[in-house]
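Take a look at the structure set out below.
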Amino acid sequence: MNQAILRHRRLLGRSTLLVLGVAGATVLASGCGSDATSGSASSASRPASSESAAPADNGGGEAAPTRFVSSRFHYRVDAPGAMTEATDGSATATRGTEKLVISVVTGAQAADPAGYARTDVATLRAQSPAYKEVIPVGPVSLAGRTVQKAAYSWTNGNNAVTGNPQQLVTAVYYIPRDGSTMAVVSYSIAANQYDPQGADDVVSTFQWQ
């Protein structure tokens, strides 16, 4: 009888150890599962880096040009700001110190772009304070066509911030359509912002239609 009781106690001890072992393994497995879930949740809720969320570059923050179409003279251009057309047919757009002016010459004057350009620049020299030649009148290639171009620096009043004379550079392009029609396209900007290629890029959007 004593041996039977002893055997029964041994069996109970083994069963208890087995139960404790299974319970311990379950706790460990549960703990590992909790850590993995927590890690996944943390990873899923992590915000994207500022680099990936940053907006695409917009070309240095410059405002987009405004398309203008002249129904009177049948041309289009991408201007620095909205253009307004005067009763004489000239069109002007202004954005800060940047300015684009287009006028159209018709008749015999348009038949000689080089001669007209020389006469026009002489007038500009007389009318522009502190005039200084930057590029003499001459032919250049612009958007696959040959046009006359000149550029000069001058002052236009005083700078509102510094009180000093406002130094500008103006590039003028003489763009013929045919023997009787020619556009005079004038692009001005602050002298410290003037870029010859940038001026060409703006005026190259001018197209006869």
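The values are calculated or read from the model by the stated rules, or taken from the named source; none is laboratory data. This structure is a prediction, so every number in the text was calculated from the model and none was measured. No Cβ is skipped: glycine too gets one built from the backbone with ideal geometry, and neighbour counts run over all protein chains shown.
Can you say whether Arg125 is in a strand (DSSP E or B), in the same structural domain as Asp195 (by TED's automatic domain parsing) and not hydrophobic (A, V, I, L, M, F, W, C), as far as the supplied structure shows? Quick ask: steps written out before the conclusion?
Working: in a strand (DSSP E or B): no; in the same structural domain as Asp195 (by TED's automatic domain parsing): yes; not hydrophobic (A, V, I, L, M, F, W, C): yes.
The answer is no for Arg125.
Inside the range 87-109, can you point out the residues that are at pLDDT below 95 and at negative phi?
Thr87, Asp88, Thr97
Say we look at the range 61-84 and pick out the residues that are under 15 Å from the mean Cα position of the chain (by Cα) and assigned to a loop (DSSP other than H, G, I, E, B); which of these is surrounded by the fewest Cβ atoms within 10 Å (Cβ to Cβ)?
The selected residue is Gly61.
Select the strands (runs of 3 or more DSSP E) contained entirely in the range 145-199, then report the ones holding at least 2 residues which are surrounded by 17 or more Cβ atoms within 10 Å (Cβ to Cβ), touching a residue at least 12 places away in the same chain (Cβ under 8 Å) and of a type in the set (Gly, Ala, Ser).
Because the criterion is at least 2 residues that are surrounded by 17 or more Cβ atoms within 10 Å (Cβ to Cβ), touching a residue at least 12 places away in the same chain (Cβ under 8 Å) and of a type in the set (Gly, Ala, Ser), the strands (runs of 3 or more DSSP E) in the range 145-199 that meet it are 145-158, 181-190.
Just for the range 105-115: of the residues that are under 35 Å from the mean Cα position of the chain (by Cα) and either without any contact (Cβ under 8 Å) to a residue 24 or more places away in the chain or surrounded by 16 or more Cβ atoms within 10 Å (Cβ to Cβ) (or both), which one is nearest to Tyr173 (Cα to Cα)?
Ranking the qualifying residues of the range 105-115, first place goes to Pro113.
So, Leu100, is that one under 23 Å from Ser204 (Cα atoms), assigned to a helix (DSSP H, G or I) and not hydroxyl-bearing (Ser, Thr, Tyr) or not?
No; evaluated as a whole, the condition is false for this residue.
Among the residues of the range 128-143, how many are part of a strand (DSSP E or B), surrounded by 13 or more Cβ atoms within 10 Å (Cβ to Cβ) and either of a type in the set (Ser, Thr, Tyr) or outside the structural domain of Asn192 (by TED's automatic domain parsing) (or both)?
The qualifying residues number 0.
Look through the range 97-123, keep the residues that are in contact with a helix residue (DSSP H, G or I) (Cβ under 9 Å, 6 or more places away or on another chain) and not polar (S, T, N, Q), and return whichever of them is nearest to Pro176 (Cα to Cα).
So, considering only residues that are in contact with a helix residue (DSSP H, G or I) (Cβ under 9 Å, 6 or more places away or on another chain) and not polar (S, T, N, Q), the one nearest to Pro176 (Cα to Cα) is Ala110.
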